[in-house]
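Reviewing the structure listed below.
The values are calculated or read from the model by the stated rules, or taken from the named source; none is laboratory data. None of the values given here were measured: they were computed from a predicted structure. When we count neighbours, we look across all protein chains shown, and the Cβ atoms used for this are built from the backbone with ideal geometry, even at glycine. Side chains are part of the model used for accessible areas, which takes the heavy atoms of the whole protein and leaves out ligands, DNA and RNA. Shrake-Rupley method; radii C 1.70, N 1.55, O 1.52, S 1.80 Å.
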Amino acid sequence: MNVLTLIVPVVMLITAFVYPFFGMKSYYCTHVCPFGSIQEFAARCVSYKLKMKPPTVKRLDMFRQVPWAILMLCLWTGVWFDWIEYELFLAFAFQSASWVVIVIAIVFVALSTVIMRL
């Protein structure tokens, strides 16, 4: 195995798992992850932001956590592995991404212009 090809994944893993211990909780999502970087850039393009009440933020956070937990359980048990076809990172590979993934990615980037860290 070529050691040089492992450098990028190792750096990404270190960034994702070690940086939060040093108080940089969202460093990976805003600087390393390409989708998060695009969302961060889109958020800086528009100065108007929607203000959400804490109960709404809590419900949206639960909406994010519950499907993630279900998907992880399905992935670990092998029940439903085809969900990976809807991973938003595939939007960067236009030839292999479905139109659904591209539309969802565009919607999330558009919404991130008015909702911070959607």
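See the values below:
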| read-out | value |
| --- | --- |
| Rounded percent of accessible protein surface that carbon and sulfur make up, the chain, 1.4 Å probe | 74 |
| Backbone HN-Hα couplings from phi across the stretch 26-39 [Karplus 6.51/-1.76/1.60, Hz, Gly and Pro as x] | 9, 4, 4, 5, 9, 10, 9, 5, x, 5, x, 5, 5, 5 |
| Relative contact order (%) - criterion: Cα under 8 Å, at least six apart; region: the chain | 30 |
| Anchor LYS25: lysines whose Cα lies under 21 Å away (excluding residues fewer than 8 positions away in-chain) | LYS58 |
| Note, ³J(HN,Hα) from phi for the stretch 48-62, Karplus 6.51, -1.76, 1.60, rounded to Hz, x at Gly and Pro | 6, 10, 6, 9, 10, 6, x, x, 5, 4, 5, 5, 5, 5, 5 |
| Exposed trypsin sites (Lys or Arg not before Pro) absent - longest run of the chain, DSSP non-H/G/I/E/B, at most 13 other C-beta within 10 Å | 52-116 |
| Estimated 222 nm signal from helices in the chain, with DSSP H stretches of n ≥ 4 weighted -39500 (n - 2.57), rounded to 500 | -18500 deg cm²/dmol |
| Cα lying deepest toward the dipole's positive end in the chain, options LEU6, VAL57, ILE70, charges on Cβ | VAL57 |
| Sites excluded, chymotrypsin sites (Phe, Trp or Tyr not before Pro) in DSSP loops with at most 12 other C-beta within 10 Å, longest stretch of the chain | 1-47 |
| Per residue solvent-accessible surface (Å²) - the chain, probe of 1.4 Å | 80 |
| Karplus 3J(HN,Hα) series, Hz, for the stretch 102-111 with 6.51 cos²θ - 1.76 cosθ + 1.60 (x for Gly, Pro) | 5, 5, 4, 5, 5, 4, 5, 5, 5, 5 |
